[in-house]
Structures are given as structure tokens and as C-alpha cells.
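Asks: Dumping the structure here so I can ask a few things about it.
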Amino acid sequence: MVEDGGEEEAEGESGEVPAAPLKQQQQQQQQRCNGFLPGKEAAGGGQRAAPAAPEAEEMLAAGGERREARLETRLSRRRLAVLAVFSCYSLVNAFQWIQYSILSNVFAGFYGVSFTQIDWLSMVYMVAYVPLILPATWLLDARGLRLTALLGAGLNALGAWLKCGSLAPQRYPLTLAAQAVCAVAQVFILGLPSRIASVWFGPTEVSTACAVAVLGNQLGTAIGFLLPPVLVPNTPNDIDLMAHNISIMFYGTAIVSTLLFFLAGVVFEEKPKYPPSHSQAVLQTKPPEDYSYKQSIINLFRNIPFILLLISYGIMTGAFYSVSTLLNQMIVTHYEGEEVNAGRIGLTLVVAGMVGSIICGLWLDYTKTYKQTTLIVYILSFIGLLVFTFTLDLGYLIVVFVTGGVLGFFMTGYLPLGFEFAVEITYPESEGTSSGLLNASAQIFGIIFTLVQGKLTTDYSPRAGNIFLCAWIFVGIILTALIKSDLRRHNVNSGIMNLDVKAVSGDS
């Protein structure tokens, strides 16, 4: 069918909230009013009033029927376009994050700076995220999905164009400033996958949609590992040629990111006309003035399972950020002159993780076993990092490709699991807020891990830095095992209505 506003809806994908929970809700509302209709009080200081008139009962019943009509759910075909455009500009943002690190020796020589200064071109993403995440999640809740998406895409394009002005050896400060703009754009990107999935996708596809949204960022990292070493070979004796090659990469990125900004303006809408799931339908019945961002934050930090997930997610994702940033240094330490293969190993790591993300998303949609899946993937990531650590220096690149792929399958595949698990155990709090806090934790751990592992790698060996990460991931396993699995959103979608909504987003 075609909506009044011109948006086409998917056929056969509609439904209504079951009548039984609505009747229970009406009964609870009457009980909260001590048996009276809302707005009526007993005369005589607390005595029970006479039974409601038949006309009033008919009005209440009619109100319940109208509410059932409002809670109709459908799937919009536009959701696929929203997901595709978001995934693409998230891809470009991730590409810009890793493009310096995978060529750390090239850019260190081009700009005449140390490896630590090149590492900061990656770590600026993490540093910018931490202080800006609360304002960004407030903006998402207060001003909505469309504005947040456009800010992310627009700043991404702006940063890419600024980099085009840094094509000279003395312009490291400008390229750092441009990367900082891209880092700010990331703040408006990383928290959106679970929000887009919840607002636009139905309960049988929400985890897969979140995995695809995260996959876009992972694919950008994969391309960032593969393409820059091909576009910018190391030519230390010809700086002009090096600058020309870097310009091809920078201008190409700027053109693509600008096109995606305009596409985001065309495709993104605040939300579909009809909610895609019963859990979203329940949230949309709450008036916007009932939402408190401050109260939502308080609720999240009082949620012990979420706090445990916040720390364990930060450990795992921070370890992934650290490994990605330092991969080039780890590989060339044992395999000198293998910059291109270092990029290919990074590509293998991330592509395997993309496959893991999709498989995990499909598995969650089918089984809803959030805690069990998260714990198993965490344990296998720990084993994968141990194997990668102790086979890195064997002298066989093929072994590094295999162990890197196994590590990436589980470590990168974990990312959407954390997002979706958080939404489940924190419903009805805003998906953007819970995802933003998870990412903030990941950035904090990422900064710490990158600095410490980088120091250990430089002063001792890559093995010392990787063992440091293994110890922390083991702590994450213990924390994950302690999380209580309370699947609130799944219960609502299953018809078990949770009416104690403390803080809901008026725009979701």
C-alpha cells in the first residue's frame, strides 16, 4: 500500500498489539486511580466513589479501541535505503580513521614526524568521542535521527576536504585538524546502528539490521587496510610522487563522502509512518514531555547488568582498536618491507569479522540467546588472540593470515552483539544513549590499550603488547559471565507488556 505521505509500505508486514495486554493496562490504570476513572476523586477524603456510569465505561472502551488502532505496526521499504546510505557513509568514516595507521611508516616519512604522532591520527578518533558522546546522544534524543545523521555525514565530508589541503610535508598540523573533524563526525555515527535498527526494522530482523549497520563501519576499516598501501606505495626518495599518490586517496575520499552527504539528505527521515514493532509502538504512545535525558542516564548507570556490559564491551572493542592501529608496526617488526601484506592481513581480519557479524546477527534474530552468544564469542576471541600472539613471529605470513582471520571473525563479530544486548537489557531507555555509552567505553579503553601496547611493542616486542591485551580480555570474560540476561525488549515484542516506562525517547 502507499501511505498518505507517499511512502510505500511492505505488504504483508503489519500487525497490532494484542488486545489482552491493553485490557490489562486499562485495569492497572484504574487501579492506580484507586478504582476511579482518571481525573476523578472520591468525596469524603478517601471513600470509594460510586461505580462509573455506563457512558463513562463506553468512553474508556472506545479509547482502548483507538489505542489499538494507533499501535498498528508495518515495515517500510524505505528502511533498506536508510540502512544502505548510513552503512556507506559510516564506511567512509572508518576508512579515514585507519588510512594513516596502515601507512604509518609512509606518513611518518612524508610529514617528518614520529610514529607516535602518526598513531595520534588514529587515537584522535577515540579522544574526541569521550567528551562529545553525551552532547551527541542528547542531540539524537532531543532533535532526532535525521539531524544527527546529516551532521555525521556532513562533518565526514568536511574533514575529507580539509585533508586535501595538507598535501605538503610541513602540514602535519592541518592533517591532524582535518582528522579531528572526521573524529567529531564519528561521534554522530557510531551510536546510530541500534537506533536505526530499532526505529526502522521489525523484531525478526532488528539484530541483523544492526549487524549490517555495524558491518558498514567494518567494511570501511577493511578497505582502509587494503586500498591505501596500493594507492600510496612507499617512495621515500621521491616525495613529490608520494604527495601525488596521497592526493589521489584524499580527493577520492572527499568526492565520495560529499555524494553520500547529499544522499543522506534525500533518504533519511525521522521515522517511518507506522512503527515496525510492538516495542516501538509502546514507546510512541508516550508523550515527548515524559522523556528526561538526565533520568535516562541515571537509569542506565543504576542498571548493574548494563554496567558490566559497558566495561566488558569497552575491553573487547578497545582491544580491537589497538590491534588495528598497531597492526602495521607488528607485521613489519617481524616481516620487514611487507607493508602491502600488512594491509592485506588487516583486510582479512576485518572481512572475517564482517562475516562473523552477519552470522551473529542472524543467530540472535533466530534464537534471542544474547548472553550465551556474547560469552561464547568473547571466549573464542580470547583464544584467537592467544594463537595470533604466539604464531606471529614464526616467519610464515600465511599463518598470520589464518590466525588474523580467526581473530577478526570473533573479535569484530562481537561489536553488534554488544549493541543489541545493551538495547535488550536497558529497554525502554534510548538506544542511542546506551550505544553511545558503550562506544565511549570502547574509546577510553582503546586510548589506554593503544598507548600501552604501542609502548610495549616499541620497547620490547609485539608479543608483550598482545599478552597485555589477552590479560584484559580474560577479565572481560569474567564480567560477561556475571551479566544477568533480562531481555526486556524481546518480552514486549512477545506480548509481555512492561508498562513501567521510566524514560522514553519522544522521537523514536
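The values are calculated or read from the model by the stated rules, or taken from the named source; none is laboratory data. Quick caveat, the model's predicted, so the values are computed rather than measured. So basically every Cβ, Gly included, is an ideal-geometry build from the backbone, and we count neighbours across all protein chains shown. Note: areas computed on protein heavy atoms with side chains; ligands, DNA, RNA excluded. Shrake-Rupley method; radii C 1.70, N 1.55, O 1.52, S 1.80 Å.
Asks: Given the Cα-Cα distance of residue 387 and residue 302 and 0.36 nm per residue of separation, how much length would full extension add, in nm? Each step should come with its number before you reach the end.
Replies: Values: separation 85, 0.36 × 85 = 30.60 nm, distance 3.75 nm.
Extra length available between residue 387 and residue 302 comes to 26.8 nm.
Asks: While we're on this one: Measure off 7 Å from each Cα along the Cα-to-Cβ vector at residue 484 and residue 255, then give the distance between these two points in nanometres to one decimal.
Replies: The modelled label-to-label distance comes out at 5.7 nm.
Asks: How do 366, 396 stack up against each other in accessible area, from largest to smallest, with a 1.4 angstrom probe?
Replies: Highest to lowest solvent-accessible surface, that is 366, 396.
Asks: In terms of solvent-accessible area of protein heavy atoms at a 1.4 angstrom probe, what is the ranking of 448, 98, highest value first?
Replies: Output order, biggest surface exposure first: 448, 98.
Asks: Right, next: So if I average 1/r over every pair of distinct C-alpha atoms in the range 74-278 and take the inverse, what Kirkwood radius in Å does that give?
Replies: By the Kirkwood definition, the hydrodynamic radius is 17.5 Å.
Asks: Starting from the 7 Å offset along Cα-to-Cβ, what nm value, one decimal, do you get for the label separation of residue 244 and residue 177?
Replies: 2.9
Asks: Would you mind calculating the relative contact order of the range 293-494 from Cα pairs under 8 angstrom and at least 6 residues apart, reporting the percent as a whole number?
Replies: 39
Asks: With a point put 7 Å past each Cα toward its Cβ, work out how far residue 113 is from residue 273 in nm, to one decimal.
Replies: 5.1
Asks: Pull out the extension gain between residue 311 and residue 127, defined as 0.36 nm times the separation in residues minus the alpha carbon to alpha carbon distance; nm, one decimal.
Replies: Values: separation 184, 0.36 × 184 = 66.24 nm, distance 1.75 nm.
Computed gain between residue 311 and residue 127 is 64.5 nm.
Asks: Calculate what fraction, in whole %, of the accessible area of the range 74-278 sits on carbon and sulfur atoms when a 1.4 Å probe is rolled over the protein chains.
Replies: Exposed carbon and sulfur together represent 72 percent of the surface.
Asks: Next up: Taking the Cα centre of the range 71-206 as origin, sum charge times position over the Cβ atoms of Lys and Arg (+1) and Asp and Glu (-1), and report the length of that vector in debye to the nearest 20.
Replies: That gives a dipole near 380 debye.
Asks: Let me ask you something else. If you place +1 on the Cβ of every Lys and Arg and -1 on the Cβ of every Asp and Glu, how big does the dipole about the Cα centre of the range 293-494 come out, in debye to the nearest 20? Kindly include the intermediate steps, with their values, before the conclusion.
Replies: On the way: 10 positive and 11 negative charges, 114 e Å.
Approximately 540 debye in magnitude.
Asks: Normalised by the number of residues in the range 269-411, what is the relative contact order in percent for Cα pairs under 8 Å and 6+ residues apart?
Replies: On the way: 88 pairs, mean separation 38.0, N = 143.
It comes to 27 percent, rounded to a whole number.
Asks: Could I ask something else about it? Students often get this wrong: which residues of the range 300-318 have the backbone nitrogen under 17 Å from the point 7 angstrom along Cα-to-C-beta of residue 452?
Replies: Only 311-318 pass the distance filter.
Asks: To continue, here is another question. Near residue 358, within a Cβ-to-Cβ distance under 14 Å, what is the net charge of the other residues, with Lys and Arg +1 and Asp and Glu -1?
Replies: -3
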